[in-house]
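As structure tokens, the structure follows; a few thoughts come after it.
The values are calculated or read from the model by the stated rules, or taken from the named source; none is laboratory data. Quantities reported herein were computed from a predicted structural model and do not represent experimental measurements. FYI the Cβ positions are ideal-geometry reconstructions off the backbone, even for glycines, and counts take in every protein chain you see.
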């Protein structure tokens, strides 16, 4: 097991496994989707090999933290097995829901920020942390569909969850930007609301989408200017990006982190 | 404001009903901008269709992308997944195909075979099981991953031909032709072997935990003892499926 360095990592998808195993690129850390490795299968042995050389973070899409129901027992146990096996430094999922009435829809669906939803999220985060015996990070979602007007704003809702459960925050800059634009708000004001409302020490990781627009990079700079440097991941959501492109973007993020890092951004890669 | 359960249940139901290019007022879920709702709908159907294509690659190649996607949308609406683990999705897709595309009766078998290959392929273990005494001083071991399945169509040949791009829905390969297949995981991937009826019944009984005598009894269900034993000896002895050990000590 390796610790996640305060450096820029890369989201790893199965299409890049062979290349990474064969070439062992200089990458600070990798983040993987645990759902791809649950159960047996060839991908699992890839992860065994990769974890011997790189720090890992598990970033799930299946816990359905915002669901009215408790997280699925089997899924949670399978995630626990992965956490025990790979001992990732960071474990995260999303402030969204996918599961209702026996249906599991594979998307991060928008949550209305009501008191009932807050109660459900707090209960579910407690449950996950109890089973995994560790704190998790929750990512702010993109929210294409805005949903009904509610008393709490996203930053306030997330702040309540953090205060009541002790979980951390995974700040996805692209999602924050996209949601602000979708809702007709100013992305900078949204970011400032996050930074003003949430405890700064709760931010455990930042996500940046690959091929992010200049406004997103500018928001990122503003965020690390206030937060200091935190592990930052170049994430790949759609299309099959060339691994070299992801590495190049991680290098850009690393250069920005170096400007704000007292240590000059040095990181160790196990080889 | 409705309860969280009502909100989520209605949201999910509307997403599954929503068409990719239908009229905007079709959901009745007025609080949402339907164009944006469609972004979620498209993500869900795309992910699930991809998951089905990944498992049912032969069906996809055989009926083409347009027909496959149409069948997938119907299946997703009727049987949405119950778990976040997408590679497990589609266990009832073979039966669904038999109802959705009855003009191609082989599809259910082909899809069932795709499922088996996927399931066996996901097993890491290539270990052999414990020794089974088949005769005085002779033991055999079968792979732990072994699965036995009978088909009404030559699903192994159909799968190979579609992978090579040399067949279509009009091919004679798609005519009934029963197969007794045994599938197991090897270090190189998934191995498939076709056996005669007696040998298949013998192996199937052993994988179900029957003793050798009972396995032989099942093997002679459809043939004489002599024919069954000869087939088993000839096919099993020469198969890479089994590991043999001979002991000269009395057991």
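For (1) more than 14 Å from chain B (Cβ to nearest Cβ); (2) modelled with pLDDT of 95 or more; (3) within 30 Å of residue B:14 (Cα to Cα); (4) out of contact with any strand residue (DSSP E or B) (no Cβ under 7 Å at 6 or more places or on another chain), each residue gets a yes or a no:
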{"residue": "A:154", "(1), (2), (3), (4)": "yes, no, yes, yes"}
{"residue": "A:161", "(1), (2), (3), (4)": "yes, yes, yes, no"}
{"residue": "A:168", "(1), (2), (3), (4)": "yes, yes, no, no"}
{"residue": "A:172", "(1), (2), (3), (4)": "yes, yes, yes, no"}
{"residue": "A:178", "(1), (2), (3), (4)": "no, no, yes, yes"}
{"residue": "A:185", "(1), (2), (3), (4)": "yes, no, yes, yes"}
{"residue": "A:188", "(1), (2), (3), (4)": "yes, yes, no, yes"}
{"residue": "A:203", "(1), (2), (3), (4)": "yes, yes, no, no"}
{"residue": "A:212", "(1), (2), (3), (4)": "yes, no, no, yes"}
>> If residue B:36 satisfies all but one of (1) within 20 Å of residue A:98 (Cβ to Cβ); (2) surrounded by 21 or more Cβ atoms within 10 Å (Cβ to Cβ), what's the number of the condition it fails?
In response: (2)
> Filtering the stretch A:37-49 down to residues that are in contact with a helix residue (DSSP H, G or I) (Cβ under 6 Å, 6 or more places away or on another chain) and surrounded by fewer than 20 Cβ atoms within 10 Å (Cβ to Cβ), which residue is nearest to residue A:6 (Cα to Cα)?
Replying inline: A:49
> Looking at residue B:170, is it modelled with pLDDT under 90, within 14 Å of chain A (Cβ to nearest Cβ), more than 18 Å from the chain's Cα centre (by Cα) and loosely packed, with under 14 Cβ neighbours inside 10 Å?
Replying inline: no
>> Every residue in the stretch B:102-130 that is surrounded by 18 or more Cβ atoms within 10 Å (Cβ to Cβ), away from every other protein chain (no Cβ under 14 Å) and more than 12 Å from the chain's Cα centre (by Cα), please.
In response: B:106
> Mind checking which residues of the stretch A:77-103 are out of contact with any helix residue (DSSP H, G or I) (no Cβ under 7 Å at 6 or more places or on another chain), surrounded by fewer than 23 Cβ atoms within 10 Å (Cβ to Cβ) and facing chain B (nearest Cβ under 10 Å)?
Replying inline: A:78, A:102
> If residue A:49 satisfies every condition in (1) within 14 Å of chain B (Cβ to nearest Cβ); (2) touching a strand residue (DSSP E or B) at 6+ places or on another chain (Cβ under 7 Å) but one, which is the exception?
Replying inline: (2)
> Got at least one residue in the stretch B:233-244 being over 24 Å from the mean Cα position of the chain (by Cα), part of a strand (DSSP E or B) and buried (at least 16 other Cβ atoms within 10 Å of the Cβ)?
Replying inline: no
>> Which residue is modelled with the highest pLDDT, if the candidates are limited to the stretch B:2-28 and must be more than 7 Å from every other protein chain (Cβ to nearest Cβ) and surrounded by 19 or more Cβ atoms within 10 Å (Cβ to Cβ)?
In response: B:18
> Name the residues in the stretch B:88-101 that are surrounded by fewer than 19 Cβ atoms within 10 Å (Cβ to Cβ) and either within 14 Å of another protein chain (Cβ to nearest Cβ) or out of contact with any helix residue (DSSP H, G or I) (no Cβ under 6 Å at 6 or more places or on another chain) (or both), would you?
Replying inline: B:88, B:91, B:92, B:95, B:99
>> Here is a list: A:119, A:126. Which entry is within 12 Å of chain B (Cβ to nearest Cβ) and out of contact with any strand residue (DSSP E or B) (no Cβ under 6 Å at 6 or more places or on another chain)?
In response: A:119
> Restricting attention to the stretch B:61-91, which residues are over 14 Å from the mean Cα position of the chain (by Cα) and not in a helix (DSSP H, G or I)?
Replying inline: B:79, B:80, B:81, B:82, B:83, B:84, B:85
>> Looking at residue A:16 and the list (1) more than 13 Å from chain B (Cβ to nearest Cβ); (2) modelled with pLDDT of 95 or more, which single condition is not satisfied?
In response: (2)
>> Can you report the number of residues in the stretch A:1-44 which are assigned to a helix (DSSP H, G or I), more than 23 Å from residue A:204 (Cα to Cα) and touching a residue at least 40 places away in the same chain (Cβ under 8 Å)?
In response: 4
>> So, in the stretch A:61-76, exactly how many residues are at the interface with chain B (Cβ under 10 Å from one of its Cβ atoms) and either more than 22 Å from residue B:39 (Cα to Cα) or crowded, with 22+ Cβ neighbours inside 10 Å (or both)?
In response: 11
>> Out of B:43, B:58, I need the residue that is in a helix (DSSP H, G or I) and modelled with pLDDT of 95 or more. Which one?
In response: B:58
> How many of the residues making up the stretch A:123-164 are out of contact with any helix residue (DSSP H, G or I) (no Cβ under 6 Å at 6 or more places or on another chain), touching a residue at least 60 places away in the same chain (Cβ under 8 Å) and within 25 Å of residue A:78 (Cα to Cα)?
Replying inline: 5
> Which of the residues spanning the stretch B:74-87 are within 14 Å of chain A (Cβ to nearest Cβ) and either at pLDDT 95 or above or over 16 Å from residue B:111 (Cα atoms) (or both)?
Replying inline: B:75, B:76, B:77, B:78, B:79, B:80, B:81, B:82, B:83, B:84, B:85, B:86
